[in-house]
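Asks: My structure is below; once you've seen it, I'll send some questions.
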Amino acid sequence: MAAELSTSINIKEPRWDQSTFVGRAKHFFTVTDPRNILLTNEQLSHAHSIITDYRKGIVSPGLTEDELWRAKYVFDSAFHPDTEEKMILIGRMSAQVPMNMTITGCMMTFYKTTPAVLFWQWINQSFNAIVNYTNRSGDAPITVSQLGTAYISATTGAVATALGLNALTKHVSPLIGRFVPFAAVAAANCINIPLMRQRELQHGIPITDENDNRLGESTKAAQQAISQVVVSRILMASPGMAIPPFLMNHLEKKAFLKRFPWMSAPIQVSLVGFCLVFATPLCCALFPQKSSMSVSRLEPELQEKIWASHPGVERVYFNKGL
């Protein structure tokens with residue numbers, strides 16, 4: 001008979017070394033795998049049971065280490081790291097590639113008229129609002145009123161930015177016009193993410209020591225977390241929105257697309273999807289999800305509290321969100 005699996009495997013942390021970019025990239029290629037959105041509720045519940053039991057020292061009969069890690073990544077792809085609530089399906093990182101390739105491809109195909117810009121930017125920012133809410137940091141609840149205000153503010157600001165940029169490009173070359181959606185998305189991320197996560201900026205996010213002992217909530221940590229997410233999201237969108245315009249500008253001069261113009265959208269969506277398959281995990285990996293900062297960079301009152309109760313602590317850790 002096979003020996004029972006050890007209960008000493010640290011599944012609180014990813015399987016690969018998160019202090020290196022390569023380790024983080026391997027981790028996020030698994031978390032953002034689009035196939036994870038096809039998992040059934042039964043499969044998710046089974047993974048949840050394996051992980052929660054293992055944390056209690058209970059090992060499912062016959063469970064192998066590879067099966068444990070597979071359950072860990074199914075669990076991570078569908079359940080929030082702080083609240084452990086099942087995340088909204090289209091807000092999960094595994095839904096980023098199929099959702100973004102469709103929305104981004106359409107944004108970049110239908111960018112010439114104001115109604116089209118308005119519609120697709122609204123769809124994109126509504127989707128981003130769901131993603132930003134789903135992948136927020138911390139475990140504090142958000143009221144319906146706070147969520148509604150943040151959504152309206154974020155979406156209105158982002159759409160207005162897109163329309164303003166579109167108006168400025170009326171007299172430039174078609175190639176430059178194709179980059180308007182990217183400029184709008186980059187600007188909108190700077191609006192949408194902080195607004196959808198404004199509660200964290202106002203009240204802080206949970207910070208812990210290296211052993212996961214909670215030390216308080218910090219707005220300074222929230223600022224660092226949200227800044228890193230904004231940078232990651234903008235860079236994540238870059239390949240899919242910067243490379244296809246050059247290719248499409250070239251292809252639309254060819255006989256094939258002149259004869260079959262309806263193929264423009266499917267080709268653009270496919271090009272964006274190909275870029276996102278790699279850009280999504282690689283840009284998520286730019287910063288560790290379990291981020292850290294020196295105690296000396298925290299709010300003065302929080303520094304005093306930590307040094308009084310935990311004098312040996314030099315760094316604190318927190319989930320930056322995605």
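The values are calculated or read from the model by the stated rules, or taken from the named source; none is laboratory data. Please read all numbers here as calculations on a predicted model, not as lab measurements. Using ideal geometry, Cβ is built from the backbone for each residue, glycine included, and neighbour counts are taken over all protein chains shown. We work out accessible area using only protein heavy atoms, side chains counted, and drop any ligands, DNA or RNA first. Shrake-Rupley method; radii C 1.70, N 1.55, O 1.52, S 1.80 Å.
Asks: Might you work out the accessible area of PHE127 for me, using a 1.4 Å probe with all protein chains in place, and round it to the nearest 10 Å²?
Replies: 10
Asks: Compute the angle between helix 180-196 and the longest alpha-carbon principal axis of the chain, please, reported from 0 to 90 degrees and rounded to the nearest 10.
Replies: Around 30 degrees separate the two axes.
Asks: If one takes the longest principal axis of the Cα atoms in the chain, at what angle in degrees, from 0 to 90 and to the nearest 10, does the Cα axis of helix 96-109 lie?
Replies: So the helix axis and the longest Cα principal axis differ by about 20 degrees.
Asks: GNM, the chain, Cα, under 10 Å: largest mean-square fluctuation among LEU286, LEU201, LEU38?
Replies: Top of the fluctuation ranking is LEU38.
Asks: Still on this structure, I have one more. Just to verify a number: what accessible area does HIS203 come out at with the full protein assembly present, 1.4 Å probe, Å² rounded to tens?
Replies: 100
Asks: Expressed as an acute angle from 0 to 90° and rounded to the nearest 10, what is the orientation of the C-alpha long axis of helix 300-309 relative to the principal long axis of the chain?
Replies: Computed tilt is about 30 degrees.
Asks: A further question on this structure: With all protein chains present, calculate the accessible area of TYR133 using a 1.4 Å probe and round the result to the nearest 10 Å².
Replies: Estimated to the nearest 10 Å², TYR133 gives 60 Å².
Asks: Just tell me the longest site-free run in the chain, where the sites are trypsin sites (Lys or Arg not before Pro) in a DSSP loop having at most 15 other beta-carbon atoms within 10 Å.
Replies: In short, 171-252.
Asks: Ok, one more. Of all accessible surface on the chain at a 1.4 Å probe, what whole percent is carbon and sulfur?
Replies: Values: 9930 of 15720 Å².
After summing per-atom areas, the C and S share lands at 63 percent.
Asks: List the relative contact order of the chain as a percent without decimals, with contacts defined as Cα pairs under 8 Å and 6+ residues apart. Could the numbers behind the result be given before it?
Replies: Values: 448 pairs, mean separation 63.7, N = 322.
Averaging sequence separation for qualifying contacts and normalising by length gives 20 percent for the chain.
Asks: Please work out the average accessible area per residue across the chain, using the 1.4 Å probe convention, and give it in Å².
Replies: 49
Asks: Write out the GluC sites (Glu not before Pro) in the stretch 263-322 meeting two conditions: DSSP loop, and at most 16 other Cβ atoms within 10 Å of their Cβ.
Replies: Those that pass, being in a loop and sparsely packed, are GLU314.
Asks: For the stretch 210-279, what's the relative contact order in percent, using C-alpha pairs closer than 8 Å and at least 6 residues apart?
Replies: Once normalised by length, the contact order is 41 percent.
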